[in-house]
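The values are calculated or read from the model by the stated rules, or taken from the named source; none is laboratory data. Bear in mind that the values here come from a model prediction, so they are computed numbers and not experimental data. Cβ placement follows ideal geometry from the backbone for every residue including glycine, while neighbour counts extend to all protein chains displayed.
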Amino acid sequence: MKRVLLIVSGIVALLIIAAFSVPFFIPKSVYKNQIENAATNALQRDVTLAGDVKISVFPRISASVEQVSVANPDGFATPNMIEAGALRGSVKWMPLLSRRVDVQEIAFVDADVFLQRKADGNTNWEFASSKEASPPPEGTNGSFDAGIESAILKNASLTFQDDQSGETYKLSELDLEASLRGMDQPLSATASGRFQEQAFTVDIWLDAPEALTRNLPAQARLDLASDLANIKYDGSVQLGDAPSLNGTFETVVADLAALTQQFELDVPARSALGRLQVAGKASGALDSPSLTELKLTHDSDLLSASYEGSVSLNGDGTVAGTLSIASDRMRDLLSAAAIELAPGDTLQTFAVSGAANGTFKSVMVNNLNLSLDALRGTGQAGIDVSATTPRIIGDLSVPALDLTPFMGEPDPEKTNQGIQPWSDETLELSGLKSVNANLSLEVGSLTIGDVELTDAVMDVDLTDGLLTADLSQFKAFSGLWLGKLTVDARPATPKVGFDMQGQNVAVANLLGTLAGFDSLTGTGQFKVSAQSSGTSIDAIMQAIDGEVSTSLSDGVVKGLNVAALVRSASSLKQAIATGSIQELNFGEALSQNAETDFSSFNTVLKVNDGVANVDVMKLLSPILGVDGTGQINLAGQSMDLRLATSVDKSAQGQGSVVQLNGIPVPIRISGAWTNPKVTPDLSGVSSAFKAELGSRVLEELGVSNSAGSGSTEDVIGGLLGIKKPDPEAPTDDAPAETSAEDVAIKALGGLLNNRKKKEADTSNEN
């Protein structure tokens, strides 16, 4: 028996010795070929072992191969998908006897992995099925219990090239160590490396990997830290056809600008980005989770923002929560967004808050509160980006809106010169094509320079570059208005149109504010309808066509006293008829303090190419009537009007006006809007003298106007000492221009003086 035991023991010992010795007597090429063939068949890719192959069975089963490569399919950017300096592994002997694979170590050293997705969607990490599948041994289920004491990646790198997006991402200097004692035991892994040249560390813990193989949830923890961002997750993970998660997360990005630059993301105003912190609960599909109890905060020198609520990334996405955005350096923020602004003290602060609801393509903000510098507004607003052109939607109420500070600083030199000329700077209207809008606005008071509008209600529609603003009501210049404004930025030369109607308008306030003309007062109706086109305000004013009409009552024309003019003309008639001497005073009639009251003043102006021609201009008082003709140059900001005055003999103010015995009192109003000049129309006075008074004056003065004496004008001029210029006389010293007022006064005064002299001579003869 002892001998048998010795024989058995010897055989066993020989078998053991043989098991350890055989690998050293088998050529290495056999190992290499067998491994290459098996790996190639399994992956359906060429697997090459260019280096040495080492196998050992004591004290554990171990193997190592060097210079391993796995080829890419044809058509990819690199010949190989995987290149590794060395692959080694070792398995403990004893656990094998109980069908357990206990891997002591598996290591990948100096591995370089290249992953690529081509433009057509094909990838190099999708492997074909093995041509030969080895069935499990008969009588077994083919299963082994397995565990890995240490899995190591040393100095590995991974490159992902996405031809569809044009992006390339790279992991380098990757060191990883993981441990998995069994599929029902926790998995722990620690890794470090560089992603896009940014250093990082990551810790991973999974309680039961076996659950993942059964499509069951497994608890997991993730802690990733880098100089750019820290990410934490604690919850469950479930694989299968649709991987999902359910847990809490927190992300802190120390420098969001640097992170977006690292990933080469095109983000507007990148320099305004700063620290971002996001925390909440995540549940649902891994690629489109729902985020609840979400808290987001962003802080930087230029912009602060916060959001609390929920966000779903499924489909078009949804949002439901409260948000707040603010900036104390709005000009710097706009500059960071490449928006140029003229120098000024405006656009310094901005803030908006409200409750956001909707999808990523269409979201509304209710209970909206917004502020811009000193401006405040409430209501609701939103944006819809489902179409090619975004559309802004809003219903806002603004207590007070002063746009004056946003109009730029006036030029002091030009301001001192009176009203400013129309700007010839090109209008920038391209922004009207970049966004659509539907807005309803209620403005308590709107101030633009010296113009103030109150109680304004406006509906704005902007579609594809066509802006339409309907003003259902607003108060301005003491009147109630309604109107419509259109701006068409679609053609190369923009078009504008406006229709305005006002009731109980204080015309002095209107004309004084808009045109610097303060010589007319009164209250009444004002209506304007006009169209134009141009690339600047100046061009628009030069091309404007339309009609302006007014119907005023109970007003005053300043700088002109028509009654005094009539009295002066009446005095002339009386002086000639009766010989009485009275002082004629045109200075009083045309002085700065002179005024003409009227009961009604109606005008109709037809505008063509920037010039308003007087179609109707009629002023009535109980005893006077004034008819006007002429032009108002809107483009040149000037006027040239002639007023013909007559007397209502009935004194009923019914408009049945007649001239004073055929003698009109014509007045000319001319010059710039800001400083019009009011003078007698000398041509009208001259014609009246010749037609009505010529022969009588000569008769009264005892002067014969025979054929050789010249015209009445010449005779009167001779009596007054006014010589008619000789056309052949030298003109080197031109006489100074005499005002119409001076000529009229001199003429009338001269006539009376001559009449006085005639009476004195007659008295002496008697």
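Of all residues in the range 26-61, count the ones that are modelled with pLDDT of 70 or more, assigned to a loop (DSSP other than H, G, I, E, B) and closer than 22 Å to E105 by Cα. Number satisfying all stated conditions: 2. Counting the residues of the range 71-91 that are touching a Ser or Thr at 6+ places or on another chain (Cβ under 8 Å) and within 13 Å of A39 (Cβ to Cβ) gives 4. Tallying residues that are modelled with pLDDT of 85 or more and either at positive phi or of a type in the set (S, T, Y) (or both) within the range 620-641 yields 4. Reported count of residues in the range 92-123, each being at pLDDT 65 or above and either under 25 Å from A189 (Cβ atoms) or in a strand (DSSP E or B) (or both), is 14. Of all residues in the range 231-241, one or more are of a type in the set (S, T, N, Q), free of Cβ contacts under 8 Å to residues at least 24 places away in the same chain and either in a loop (DSSP other than H, G, I, E, B) or over 20 Å from R181 (Cα atoms) (or both). Within the range 428-441, residues that are assigned to a loop (DSSP other than H, G, I, E, B) reach partners that are hydroxyl-bearing (S, T, Y) with beta carbons closer than 7 Å, at six or more positions or on different chains, in the pairs V435/T389. When residues of the range 472-498 are filtered for being surrounded by fewer than 16 Cβ atoms within 10 Å (Cβ to Cβ) and of a type in the set (D, E), how many remain? Number of matching residues: 0.
Every residue, every condition in (1) of a type in the set (G, A, S); (2) modelled with pLDDT of 90 or more, yes or no:
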site	(1), (2)
G247	yes, yes
P268	no, no
D328	no, yes
L347	no, no
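When the range 269-307 is filtered for residues that are among the hydroxyl-bearing types (S, T, Y) and more than 17 Å from A320 (Cβ to Cβ), the ones remaining, listed by number, are S271, T297, S300, S304. Just one of the listed residues (D470, D499) is of a type outside the set (A, V, I, L, M, F, W, C), out of contact with any Ser or Thr (no Cβ under 7 Å at 6 or more places or on another chain) and modelled with pLDDT of 90 or more, and it is D470.
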